[in-house]
Amino acid sequence: MARLGYRRRMEPDLFALVAEVARSLCDDGLGTIHSRSHKYGTKVWFDADKPPPPHFEAQVMGRRDIDGQKGIAIEIGWHGEARKEQDNELLLQALMEREPRWRKPLGDEAEAGEFFNSTKWRRISEAWLDPDLSEEGVDLEIGSRLADYINALQPMLSDLADQQP
């Protein structure tokens, strides 16, 4: 029931605003930024016309997928969503080898591992439990945190892509 309350209060263009905030805070030189937003989330990626399997995202999730409790959460961070689990794991491991470079700007809130509801996907992200999505400035908070993930991880992702044969 609380979940319905959040749906009623959430601004329909919240995640479009989140994407614009993130775009405005991204470092120059990361590439051509693209985004796709809907009522419950936004996806951000670079250079390709369509979102690739590794991308950044801020989205509403059921809290039950995170900690088994009722309610909602906002999940923010990087996703590896290739079809093959091995591809996602290899990319996550490459990012983990570079953890000292991204840990400082992202802090202890950033968790790395399997995605919450898919053993095939990987993530470096965080979840905010039971946020008030009608609170003034929530778009700035979410967009700013999404930009933190992008600025910390995208340079490494670009380097890794350049190393591919």
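The values are calculated or read from the model by the stated rules, or taken from the named source; none is laboratory data. Remember, predicted model here, so these are calculated numbers, not experimental data. Reconstructed Cβ throughout: ideal geometry from the backbone, glycine too, with neighbour counts over all protein chains shown. Heavy atoms of the whole protein, side chains included, go into the accessibility calculation; ligands, DNA and RNA do not. Shrake-Rupley method; radii C 1.70, N 1.55, O 1.52, S 1.80 Å.
Among the residues of region 88-106, how many are of a type in the set (Gly, Ala, Ser) and either within 15 Å of Glu57 (Cα to Cα) or open to solvent by 30 Å² or more (accessible area, probe 1.4 Å) (or both)?
Here the count works out to 0.
Does Glu109 satisfy the criteria of being of a type in the set (Asp, Glu) and crowded, with 16+ Cβ neighbours inside 10 Å?
Considered against the rule, which asks whether it is of a type in the set (Asp, Glu) and crowded, with 16+ Cβ neighbours inside 10 Å, Glu109 comes out as no.
The rows are residues; the columns are (1) among the hydrophobic types (A, V, I, L, M, F, W, C); (2) more than 27 Å from Asp28 (Cβ to Cβ); (3) touching an Asp or Glu at 6+ places or on another chain (Cβ under 9 Å).
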| site | (1), (2), (3) |
| --- | --- |
| His79 | no, no, yes |
| Leu106 | yes, no, yes |
| Phe116 | yes, yes, yes |
| Arg123 | no, no, yes |
| Ala127 | yes, yes, yes |
| Pro131 | no, yes, yes |
| Glu141 | no, no, yes |
| Asp148 | no, no, no |
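Within region 122-165, how many residues are outside any helix (DSSP H, G or I), touching a strand residue (DSSP E or B) at 6+ places or on another chain (Cβ under 6 Å) and open to solvent by 20 Å² or more (accessible area, probe 1.4 Å)?
Final tally of qualifying residues: 3.
All but one of (1) exposed (fewer than 13 other Cβ atoms within 10 Å of the Cβ); (2) under 20 Å from Glu141 (Cβ atoms) hold for Gln69; which doesn't?
(2)
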